[in-house]
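One structure is given here, and the rest of the page talks about it.
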Amino acid sequence: MTTRPIGRPMEILLVEDSLVDARFTMNSLRGGDILHRLTLVRDGEEALTFLRREGVFARAPRPDLILLDLLLPKINGVEVLAAVRQDEKLSEIPVVVLTASPDDDLRTQAEVLGVDGYISKPVDWTKFLATVRALKERWQADLLLPIEE
């Protein structure tokens, strides 16, 4: 008997201005056996437009997970995280920070705002995939209904 995924793929929003880092993240997810659909946005302003489903993103899917760089153009990642946590429609979305910033103040700000994971670049991909899998299991537990007999 073969097993196949139940339900829909996990919707992931990747907020990353570096195409090199975005490619590594996408390849890791693809190779990590995580059924997902990923949307890439390149700055904090575009991330908030996507999350609020404004303009060209009016029909955007609601992400199940946000992977967020902190050092972003236009609006930085801490400001994006703050906006997500203050919006009752978005506040429950898990956010994992992926950043190259050695700034402890940024990390503290992200933790105060309730980030679900914090991973420094260069990323330890084993730790990254373990974090995403744990969040995926929490997401699936909320998504799946018991089987009726």
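Please treat every number below as a calculation from the coordinates, not as lab data. Keep in mind that what you see is a predicted model, and the values were worked out from it rather than measured. Please note: Cβ atoms are built from the backbone with ideal geometry, for glycine as well, and neighbour counts cover all protein chains shown.
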* Hull shadow area, averaged, the range 10-141 [alpha-carbon convex hull, nm²] -> 7.5
* Structure fact -> Residues other than Leu48 with Cβ under 12 Å of its Cβ, Lys/Arg counted +1 and Asp/Glu -1, net out at -3
